[in-house]
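First comes the structure, then the notes that go with it.
The values are calculated or read from the model by the stated rules, or taken from the named source; none is laboratory data. Please read all numbers here as calculations on a predicted model, not as lab measurements. No Cβ is skipped: glycine too gets one built from the backbone with ideal geometry, and neighbour counts run over all protein chains shown.
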Amino acid sequence: MLQQLFFGYYAFMIIILSLLVVTRGNPVHSVMWMLLLFFHIAGLYLFLNAEFIAAIQVIVYAGAILVLFLFVVLLLNLREELSLRQIAGSWPAAFFIVAALFITVTAALGAYVQGPVGSYSIEAVRSETHTKALGRLLYTEYLFPFEIASLILLVAVVGAVVLAKRKLRS
Amino acid sequence: MNSYALIPFLPLAAFVINILFGRKYLKENAHWVSILAVAGSWVLAVMALIDVLGGNTINFDLYTWMLSGGFKVSVGFLIDQLTVVMLIVVTTCSTLIHIYSVGYMHGDSGYYRFFAYLSLFTFSMLMLVMANNFLQLYFGWEGVGLCSYFLIGYYFNKKSASDAGKKAFIVNRFGDFGFGLGIFVVFLTFGTVYYEPVFSQAGGLAEATFNFLGYDVHLMTLIALLLFCGSVGKSAQIPLHVWLPDAMEGPTPVSALIHAATMVTAGVFLVARCSPIFSLSETALMVVALTGAITSLFAATIGLVQNDLKRIIAYSTVSQLGYMFLACGVGAYTAGIFHLYTHAFFKALLFLCAGSVMHAMGGELDIQKMGNLKKYMPVTYMTMLIASFSISGIPGLAGFFSKDEILWMAYAGESPVGKFVWAIGTLVAFLTAFYSFRLIFLTFHGKFRGTHDQEHHLHESPKSMTIPLMLLCVGAVAAGWVGIPALIGEKIGVHNYIAEFMKPVLGHPEGHGTHGEEMVVMLISITVGLAGIGLAYFMYILRPELPARLTQQLSAVHRILFNKYYVDELYSFIIVRPAIWTAKNVLIGITDARIIEAVVNGVPSAIAALSSGLRKIQTGLMQHYATIMATGILIIVAIMLLR
Amino acid sequence: MVPLHWYLTLSAAVFMIGMFGFLTRRNIIIMFMSVELMLNAVNISLVSFSHYLQDMRGHILVFFVITVAAAEAAIGLAIIISLFRNKQTAHVDEMNEMKG
Amino acid sequence: MVQTMNNTMGFPILSMLIFLPLVGAAVILLLNRANEKASKMVSLLVSIATFLLSLLLFTNFDKSTHLMQFVEQHEWIPSLNMTYYLGLDGISVLFVLLSTLVTILCVLISWESIKTKTKEFFISLLVMEGAMIGVFCSLDFMLFYIFWEAMLIPMYLLIGVWGGPNRVYAAVKFFLYTLVGSVLMLVGIIVLYFYAGRTFDILELMTKAYPFKMQLVLFWAFFAAFAVKVPMFPVHTWLPDAHTEAPTAGSVILAAVLIKMGAYGFLRFSMPLLPDASRAMTPIMLTLSVIAIIYGGIICLAQTDLKRLIAYSSVSHMGFVTLGIFALNTQGVEGGILQMLNHGIVTGALFLSVGIIYDRTHTRVIADYGGVASVMPIYASLFIVFTLASIGLPATNGFIGEFLILLGGFTANQWAGVLAASGIIIGAGYMLWLYQRVFFMETNPKVAGLQDVTMRELITLLPMVILIFWIGIYPNTFLSFMHPSVLHLLERVNGGGAPAVAANVMTQILK
């Protein structure tokens, strides 16, 4: 019961916050609401026994990505834009599509059949700690993708610098 | 290898040497190579004559030329009575004309080129007459055509000369078209193109029919007529005679060698060579006879009014070639070949004399501007006079015997059109004598009508030119003595040697007439010859003002004759211009541009139109794309769910 | 016990909200945030699947998603900056270079 | 496995022929751009080496068999049963030789006329050579298709980069035309692949029998590819544009080798794979051939552009080739193959010659010429040889080919033979008229004082002259390569029955 209550709170907040994020006119507000949203999602992760994921959700998303967003928003002078219409005129069509998609997707959930469970039971993870279990998998079985991920980040860093750099007038 | 194979290859070697080294090294000495080569061929030809007179026929293959499936053909030589006569004619004329050219072409910038072509021509002509199969004949046939093209267009900077060369080649191609088809039919029928099996099998197929283009036609008639197409082209018979007068654009020795003595007679040679086939088709023979007769009359009438020295002789050649065909057409192949042989001498002589006159007149050809040349050029005058007597059929000279033989055979032969062509032949004999002497009188008699400058330069030609004239003159007088008809021969104790000689190849039909009739025919032909000369004398010596008056009174006739019956204009109107017009306006303008290109360019245009419609969907707005993508996802998910 | 359905429904809802934002908002920064929202929605379902199936691989995937999201944010925002520099606007309506 | 002859050479000669030019191209790629001389020398040496290597084919070819020779087979993509399978028979061997020879001449003729992007030009040329040889050697259908398409790229570049003013249009037109055709062929190849049990082995495909309706469909699919290349009427309109705009070397390769591939395709694929359809379609093919002969000929009469005229004459001459091939008898097919060779030599030589004078005058308009014979006598005499070979004068190669074709054509269908023979008259007309307008008559001031052919140009043209007379005087050197292969081909096409030689009583009697 308590669990369901917790879930209810988080789910409600997440949805409300999501709606706020996409509907606020001023991007700064959106970013703020999103920050809150990410904390709630991190909470949900904890609830699902994923401490490490929850941590990086806060550190990377909330700490890094959102701050980046904030920087950008502040960097750009969007004052004039705020007076313009923020929502596309065709939003009813988009709403219809999204709603229909939601209905079909949730309808599909009924067909879900639980598959065989794996070896990482809650107890097993707890005894080993989540971070260690994740780390072991990541550095053994998923080493190669991990390396690629690092490469992607490197590329992103270089790319971001190249793109954002002001053109030197020669 | 048989040494007779060298007969054609000596001139070929001379050609190769001259064309490769002539321009840089031989230059003014180019003639030595050619003359030596052709003289060598002449010696070998005489040896071959002796051999054949001894009763041998030589037939050998040099190497296999083409081999494809059942089709095999070699380069090979057949030397029999007919070939050897041709060999003598060709090598003799060629040698003399080579020598003559040394003087005539002296100082010309293309000296080496001229001799190279002459040698190449001699080679081709010899290949033609010596072939032992149809394809090699065709080889020589086209080869001589090529040389004629080169030599007519020798002064290629002149538009008229290059036009004439091209015209000769293309008109001949029309004839060769038929000739080629004839060879195909021969191969399809006999499975071979060698003379020997073809001629020996021909008799067995005398009644056979052949399905040609959907029609069943008499096989031998078909083959004969197709081959005759080639003859018509090469020997300038109606309707393909148009090239020969224009061919006079070439240097005069060329006109003498190619367009009088040798190449143009190849058509007659072809008919004679294929006599076993022609003899099996009465229709074909009739066509040959009528074509020959009509051409000879046609050309003779044109010759009456022309003023160009060489063109008159050219029309006379066409006319005499018609005579030869007339002979072949009535089955008297020997007479045809005999006339070919005598004609080679007197006609070559006429041309060379004309060349000599031109030489003296500085290239002037209009006989209206000449006159009284006999005073300046006695040798030329005498030889030309004799040649004209010979062509007019004055008894004792070469032309008389051959012409008389033809007329008698036409009159007395078995041909259904014999009497008709005899009548035409006799008329032509009259016209020939007339225009020949019109030429003589206008050129050599009367008063000189050219410019003072020209008169000042008049001179007799150099020795290298006059000696061949005199040698040919001997031929023009004496060449006929080998074919003295029995009527006279019996009295003076000689045979008709040539008829006996040729009998194994060409047969020798006997005339169905009495000696009396033969005498009458002969007298008629002598009379008309003399009458023609007399009339010319009357009109151009006694009453020189008469021709102009006649021209005025008969201006319509004169205009038609003078313009050669407008045949050139007709061809231009019905063939040349429509072809080019079609090419320009229909094929390029409509088929290629409007139809094919319309389709080719139309497909891309249609795609372009379609895509310009489709591109309106491409708003460039990211959210539109995303929305469409979302719709797609919705549809896919929905489909997966409903399945 | 909270059934898996609930998580998945939540995930779907957040995803749809993100998609709606992406499709309708005209400010490119907010569109970008909508994309992050969608990624988070997916992460939720991945983590919950992982939990219910007692498998770590979902977490691994989330880890990578976050990595890619970080990279994407960096690049994407850099693009936005240079776009803004050229166009002086963050409105996507103005960005139709790809119009056919 | 269909029986073939082992490669007796002791080394993979065909692979070497294909890859030697490609290696040469790679070497040029590494050279310094500024050093144009070096890339020219390398391409010259490589092309000469390739030619010398190909001469070994000429000497070591076994003329007594129709089997494939110099065979090489290696696994390539086993999952699709594609193999790297090369071999030559009497039909293809001569074309390999022609390709290697022509490439040398193209390198020579481009020595000075190519002034921009020299390095790339010679790379394209060598890549082209490798692909061309590959097409003629392939015995695996997929390999063939790859080479077939690979040829398009360098050719497209040759026209599109180094061509005349309207080059892009011409290049795109050329590319699209041929691509549309070959895509249909690809579909045909795949159909055959599945029908015959997943094999691309051409020799094996030839042993199968296919239902008639399928043959018909495939015949037209292949027709699309091959007829465009030939080019047959009415898909010929790319040719004049491509020829006119291409640089000299491009025109030469196009004329000498590329358009042979269409006819080669008919011989190698359409006829043996689809014998019944080929027989059934003969009337249509003969009709199209005759139309091409006459149409191409007449259209030449109205051309004012040198290269365009020669291009249209190609249409006419290739009409003869297809006529011979679809006569389906020994003379026709052998004549057709020989005529392909002849056309390659003669038209190639004509384009080389036009290139030589174009380098001097930079005009292709016929009216800008006149009297060239008195300015450039050696050039004029070489050109007349090519002209005469083009109009099929005896003693030149053109005669042998055209005669055999007309003989075969006449045997197969009299109307076709007669109408095609009239093409010879037209041919003489336009070629001699061209010659007259360019070389004879008054010397046009625009050509006065031109330099006669240089030693390099003379060397470029001489091999063609020699071949013209060699084939014209002793064609058996070349015909003898074909006899067994052609016989075998015709047995297959004519259903193993009596080969369609002139069926007549007299042939029998005489034997």
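Residues that are at pLDDT below 85 and either in a loop (DSSP other than H, G, I, E, B) or closer than 30 Å to D:ILE356 by Cα (or both) do not occur anywhere in the stretch D:80-97. If the condition is being surrounded by 15 or more Cβ atoms within 10 Å (Cβ to Cβ), assigned to a helix (DSSP H, G or I) and facing chain D (nearest Cβ under 9 Å), then the stretch B:192-229 contributes B:PRO197, B:GLN201, B:LEU205.
Are any of the residues in the stretch D:280-296 free of Cβ contacts under 8 Å to residues at least 12 places away in the same chain and within 12 Å of chain B (Cβ to nearest Cβ)? Checked against the condition, which is being free of Cβ contacts under 8 Å to residues at least 12 places away in the same chain and within 12 Å of chain B (Cβ to nearest Cβ), the stretch D:280-296 yields no hits at all.
Within the stretch D:391-429, the set of residues being more than 9 Å from chain B (Cβ to nearest Cβ), over 22 Å from the mean Cα position of the chain (by Cα) and more than 11 Å from D:GLN331 (Cβ to Cβ) comprises D:ASN413, D:ALA416, D:LEU419. Just one of (1) under 21 Å from the mean Cα position of the chain (by Cα); (2) in a strand (DSSP E or B) fails for D:GLU75. It is (1). Do we have B:SER356 as at pLDDT 85 or above and within 26 Å of B:PRO416 (Cα to Cα) here? When the stated conditions are applied, B:SER356 does not pass them.
Against the conditions (1) in contact (Cβ under 8 Å) with a residue 12 or more places away in the chain; (2) surrounded by fewer than 22 Cβ atoms within 10 Å (Cβ to Cβ); (3) part of a helix (DSSP H, G or I), D:GLY449 satisfies every one except (3). Among the residues of the stretch D:6-45, those identified as assigned to a loop (DSSP other than H, G, I, E, B), more than 15 Å from D:ILE133 (Cα to Cα) and not polar (S, T, N, Q) are D:MET9, D:GLY10, D:PHE11, D:LEU31, D:ARG33, D:ALA34. Taken as a whole, the structure places B:LYS347 among residues that are among the charged types (D, E, K, R), in a helix (DSSP H, G or I) and in contact with a Ser or Thr (Cβ under 9 Å, 6 or more places away or on another chain). Evaluating B:HIS508 against the criteria (1) over 34 Å from the mean Cα position of the chain (by Cα); (2) more than 14 Å from every other protein chain (Cβ to nearest Cβ); (3) modelled with pLDDT under 75 leaves one unmet condition, (1).
For the stretch C:52-60, indicate whether the set of residues that are more than 7 Å from chain A (Cβ to nearest Cβ), of a type in the set (S, T, N, Q) and within 28 Å of A:GLY8 (Cβ to Cβ) is non-empty. Write out each step before concluding.
Step one: list which residues in the stretch C:52-60 are more than 7 Å from chain A (Cβ to nearest Cβ), which gives C:52, C:57-58.
Now drop any that are not of a type in the set (S, T, N, Q), which leaves none.
Scanning the stretch C:52-60, I find no residue that is more than 7 Å from chain A (Cβ to nearest Cβ), of a type in the set (S, T, N, Q) and within 28 Å of A:GLY8 (Cβ to Cβ), so the answer is no.
Conditions (1) of a type in the set (Phe, Trp, Tyr); (2) touching a residue at least 60 places away in the same chain (Cβ under 8 Å), marked per residue:
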position: A:GLY110; (1), (2): no, no
position: A:SER119; (1), (2): no, no
position: A:VAL125; (1), (2): no, yes
position: A:ALA133; (1), (2): no, no
position: A:GLU141; (1), (2): no, no
position: A:PHE144; (1), (2): yes, no
position: A:LEU151; (1), (2): no, no
position: A:LEU154; (1), (2): no, no
position: A:ARG166; (1), (2): no, no
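Residue-by-condition table, conditions (1) of a type in the set (S, T, N, Q); (2) facing chain C (nearest Cβ under 8 Å); (3) at positive phi:
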position: A:PHE47; (1), (2), (3): no, no, no
position: A:GLN57; (1), (2), (3): yes, yes, no
position: A:VAL72; (1), (2), (3): no, yes, no
position: A:LEU75; (1), (2), (3): no, yes, no
position: A:LEU78; (1), (2), (3): no, yes, no
position: A:PHE95; (1), (2), (3): no, yes, no
position: A:PHE102; (1), (2), (3): no, yes, no
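Please indicate, with yes or no, whether at least one residue in the stretch B:309-317 is surrounded by 24 or more Cβ atoms within 10 Å (Cβ to Cβ), under 16 Å from the mean Cα position of the chain (by Cα), at pLDDT 85 or above and closer than 27 Å to B:ASP80 by Cβ. For the stretch B:309-317, residues surrounded by 24 or more Cβ atoms within 10 Å (Cβ to Cβ), under 16 Å from the mean Cα position of the chain (by Cα), at pLDDT 85 or above and closer than 27 Å to B:ASP80 by Cβ: present. Of C:ILE66, C:ILE30, C:ILE79, all but one fail to be closer than 21 Å to A:LEU154 by Cβ, at pLDDT below 90 and either at the interface with chain A (Cβ under 7 Å from one of its Cβ atoms) or outside any helix (DSSP H, G or I) (or both); the exception is C:ILE79. Looking at the stretch A:11-36, which of the residues that are facing another protein chain (nearest Cβ under 8 Å) and closer than 22 Å to C:LEU4 by Cα is surrounded by the most Cβ atoms within 10 Å (Cβ to Cβ)? Out of the qualifying residues, it is A:SER18. When the stretch D:452-481 is filtered for residues that are assigned to a loop (DSSP other than H, G, I, E, B) and more than 10 Å from chain B (Cβ to nearest Cβ), the ones remaining, listed by number, are D:ASP452, D:VAL453, D:THR454. When B:ILE628, B:ILE590 are checked against the criterion of being more than 14 Å from chain C (Cβ to nearest Cβ) and either surrounded by 11 or more Cβ atoms within 10 Å (Cβ to Cβ) or in contact (Cβ under 8 Å) with a residue 40 or more places away in the chain (or both), B:ILE590 stands alone in meeting it.
Looking at D:THR347, is it over 17 Å from D:GLY472 (Cα atoms), at pLDDT 90 or above and surrounded by 24 or more Cβ atoms within 10 Å (Cβ to Cβ)? In short, no. Condition check for B:GLY180 on (1) closer than 23 Å to B:VAL33 by Cβ; (2) part of a helix (DSSP H, G or I): one failure, at (1).
Of the helices (runs of 4 or more DSSP H) lying entirely inside the stretch A:54-170, those containing at least 1 residues that are more than 16 Å from C:ILE60 (Cα to Cα) span A:66-75, A:91-109, A:122-128, A:143-164.
Highlighted here are the helices (runs of 4 or more DSSP H) found entirely within the stretch D:231-334 that include at least 2 residues which are in contact with a Pro (Cβ under 6 Å, 6 or more places away or on another chain): D:306-325. Within the stretch B:387-397, the set of residues being buried (at least 23 other Cβ atoms within 10 Å of the Cβ), over 22 Å from the mean Cα position of the chain (by Cα) and of a type in the set (A, V, I, L, M, F, W, C) comprises B:PHE389, B:LEU397. Of all residues in the stretch B:37-79, those satisfying the criterion of being of a type in the set (Ser, Thr, Tyr), within 11 Å of another protein chain (Cβ to nearest Cβ), closer than 14 Å to B:ASN132 by Cβ and more than 27 Å from the chain's Cα centre (by Cα) are B:TYR63, B:THR64. Scanning the stretch B:132-153 finds one or more residues that are more than 8 Å from every other protein chain (Cβ to nearest Cβ), closer than 17 Å to D:TYR435 by Cα and either surrounded by fewer than 23 Cβ atoms within 10 Å (Cβ to Cβ) or of a type in the set (S, T, N, Q) (or both). Against the definition (in a helix (DSSP H, G or I), more than 7 Å from chain A (Cβ to nearest Cβ) and under 30 Å from A:ILE122 (Cα atoms)), how does C:ASN43 come out, yes or no? So C:ASN43 fits the description; yes. Could you check the stretch C:1-24 and list, in sequence order, the residues that are part of a loop (DSSP other than H, G, I, E, B) and within 7 Å of another protein chain (Cβ to nearest Cβ)? Within the stretch C:1-24, C:MET1, C:VAL2 meet the criteria.
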